[in-house]
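Right, one structure below, let's go through it.
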Amino acid sequence: MSLEPRPHFHFAPARNWMNDPNGLIFYRGKYHLFFQYNPEGDQWGNMSWGHATSTDLIIWQELPVAISYTPTHAIFSGSAVVDYFNTTGFGSVENPAMVAIFTAHQHDGLHQSQSLAYSTDDGMTWQMYEKNPVLDLEMKDFRDPKVMWNTVNEAWVMSVVKPQEFTVSFYESQDLKQWELLSEFTNKNGTDGVWECPDLFPLAVDGDSTKFKWVLFVSVNPGGVTSGSGTQFFIGDWNGKEFVADEITTRWLDYGRDNYAGVTFNDAPDNRRIYLGWMNNWDYAKDIPANSARGSMTIPRELSLVTIDGKITLLQNPVKEILGSGIGDQNFTITPMESKTGIRFTNEDGKSFDIGYDPQRKEIYVDRSSAWYEIESTSRHAAPFDAQENSFEIRVITDTGSVELFVHGGRISITDLLLPSGSSWSTSPF
């Protein structure tokens, strides 16, 4: 049986199963992407940290497995930091250690805790901390630590979830080894899904380096906006102890089916906040045919906050590095009519998908029903959008097996997998 065509510029390992991005960090001129990986096969299991690096966020070099599962534990999701001040003593100021903070998942599924591993050769080889775990509440579900150096606290701050309690817990540490609980954030009246993969970070508002807001990402599964997997976010303030959301209403990062468990890079140059997500959905991830690998990442996206009509709005746009790279990157102008308008994408295999605006429903949508597998799934994915201008711009990134839509300067994103094809898409208005 022939394999499915591979994506050209979305990261996918050479073979086997991949899911959540982990340990995203920039160090010594390279972006490091670690990821949930099964070194033994193309279905979920034997969770370890795969590893790839890039100098431009587009071309990735896959490296050997960084942190492998053990006879007793899987290596679940987490984050990585560079310990520039040698707070751990794992390295030195001259040669700082890269430190991974991850969830150690007991193979019987009854216990999760947070542990450390460290590297003094730029992430190439790793050693487990001998006194693991460093944070253990004796819980069955307690995972996905995202750690960063927080300038408000002048300390390491961890965001970590109690998934079944719809809660993000915030901890503080001076050395990554001893952790003190600061506070907890919850939204029990929000979505029904289990909470995973938190990320708390600051962003300047309207490009003003003196005015910041804090953003909290939380992935949920099931319970996403299109069912299955999805990512919600909150905008608010962080005082060094508590995150206080401006509003508790759930806001969605992406209105497609296939953007989950995403987090942002630590230490990206020029204070950029760059996001990467797993381009899949737990509803059918195991059923998507393998192309020697099963799973890929979204295009890296740069995040920003702007004020629109008096409301602070999160924008996401493809990173600037893709310009001129030969990627399937197109811009279209949509002029709303009384009926639906949009663009139809068609390939030589006779497959097609639509990107359209529906003025009656006031929504922008992707309909992949004619470019989808024989796998049960919703096919039309829409975001609320009231096109009050005479026209608006959409940006469409297509690759083998995927489409990513960015609307009106990045106010809305819709990410969908498609049936892979070896031919390119032609476009026509409708």
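Per-residue answers, yes or no, for (1) among the hydrophobic types (A, V, I, L, M, F, W, C); (2) buried (at least 18 other Cβ atoms within 10 Å of the Cβ); (3) over 22 Å from Leu314 (Cβ atoms):
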residue	(1), (2), (3)
Ser169	no, yes, yes
Glu180	no, no, yes
Asp206	no, no, no
Val215	yes, yes, no
Asp237	no, no, no
Restricting region 399-430 to residues that are in contact with an Asp or Glu (Cβ under 8 Å, 6 or more places away or on another chain), polar (S, T, N, Q) and outside any loop (DSSP other than H, G, I, E, B), which is farthest from Asn291 (Cα to Cα)? Ser413
All-but-one check, Gly50 against (1) under 17 Å from Ile288 (Cβ atoms); (2) in contact with a Pro (Cβ under 7 Å, 6 or more places away or on another chain), failing number (1)
Can you name the number of the only condition in (1) at pLDDT 95 or above; (2) of a type in the set (Ser, Thr, Tyr); (3) surrounded by fewer than 18 Cβ atoms within 10 Å (Cβ to Cβ) that Ser423 fails? (1)
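Of the residues Gly256, Gly262, Gly223, which is open to solvent by less than 10 Å² (accessible area, probe 1.4 Å) and not in a strand (DSSP E or B)?
Numbers: Gly262 fails: not in a strand (DSSP E or B); Gly223 fails: open to solvent by less than 10 Å² (accessible area, probe 1.4 Å).
Exactly one residue qualifies, and that residue is Gly256.
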Within region 120-134, can one find any residue that is open to solvent by less than 60 Å² (accessible area, probe 1.4 Å), touching a Phe, Trp or Tyr at 6+ places or on another chain (Cβ under 7 Å) and either assigned to a strand (DSSP E or B) or among the polar types (S, T, N, Q) (or both)? no
In region 1-32, which residue that is in contact (Cβ under 8 Å) with a residue 24 or more places away in the chain and hydroxyl-bearing (Ser, Thr, Tyr) is farthest from Asp258 (Cα to Cα)? Tyr27
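Taking the residues in region 270-285 that are open to solvent by 40 Å² or more (accessible area, probe 1.4 Å) and within 19 Å of the chain's Cα centre (by Cα) as candidates, determine which candidate is nearest to Glu196 (Cα to Cα). Before the answer, list the steps.
Taking region 270-285 and keeping what is open to solvent by 40 Å² or more (accessible area, probe 1.4 Å), we get 270-271, 282-283.
If we keep only those that are within 19 Å of the chain's Cα centre (by Cα) as well, we get 271, 282-283.
Working: Asn271: 25, Trp282: 13, Asp283: 16 Å.
This residue is Trp282.
Glu348: farther than 30 Å from His8 by Cα, at pLDDT below 95, assigned to a loop (DSSP other than H, G, I, E, B) and open to solvent by 70 Å² or more (accessible area, probe 1.4 Å), yes or no?
Working: farther than 30 Å from His8 by Cα: no; at pLDDT below 95: yes; assigned to a loop (DSSP other than H, G, I, E, B): yes; open to solvent by 70 Å² or more (accessible area, probe 1.4 Å): yes.
Here the answer is no, as Glu348 does not meet what is asked.
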Can you name the condition, by its number, that Asp192 falls short on among (1) touching a residue at least 24 places away in the same chain (Cβ under 8 Å); (2) part of a strand (DSSP E or B); (3) acidic (Asp, Glu)? (2)
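The values are calculated or read from the model by the stated rules, or taken from the named source; none is laboratory data. Because the structure is predicted, anything quoted here is derived from the model rather than measured. Cβ atoms come from the backbone with ideal geometry, glycine included; neighbour counts cover every protein chain shown. These accessible areas exclude ligands, DNA and RNA; they are computed on the full protein's heavy atoms, side chains included. Shrake-Rupley method; radii C 1.70, N 1.55, O 1.52, S 1.80 Å.
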